[in-house]
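The structure appears right after this line, and notes come after that.
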Amino acid sequence: MSRTTIPLSRIKDEVEAMSNAGYFVDALAKFIGQVGADEPCVCEEALNGYVVGGLMAGLRIIGTDLMNRAEELNILIDKAEQPAAKRG
């Protein structure tokens, strides 16, 4: 049985994209939260409280998960790049 290998550069690109997407989602959630806290009338005109709350909750969950997964993959990549003797 042969193992299919994925080039490490491809994995690194995916990790960077995942991390950037997580950063974007987390920042958007914080922006919505800040506008809602500072200018509730503006938020109420555009979105009702239920929608804003749901958006914030979902964005935070997704953003945090993406950033954590990217961090975990970076750790695995670092381990894979180390010589076999140091992986121990």
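The values are calculated or read from the model by the stated rules, or taken from the named source; none is laboratory data. For clarity, every value in this text was computed on a predicted model and none was experimentally measured. Every residue, glycine as well, gets a Cβ built from its backbone with ideal geometry; the counts of neighbours run over all protein chains shown. The accessibility values were calculated without ligands, DNA or RNA, using every heavy atom of the protein model including side chains. Shrake-Rupley method; radii C 1.70, N 1.55, O 1.52, S 1.80 Å.
Take SER19 and tell me if it is open to solvent by less than 60 Å² (accessible area, probe 1.4 Å) and polar (S, T, N, Q).
yes
Which condition from (1) among the aliphatic types (A, V, I, L, M); (2) surrounded by fewer than 13 Cβ atoms within 10 Å (Cβ to Cβ); (3) modelled with pLDDT under 85 is the one that VAL52 breaks?
(2)
Given the conditions (1) under 22 Å from ALA70 (Cβ atoms); (2) surrounded by 14 or more Cβ atoms within 10 Å (Cβ to Cβ), report the number of the one that GLY58 does not fulfil.
Here GLY58 meets the rest and fails (2).
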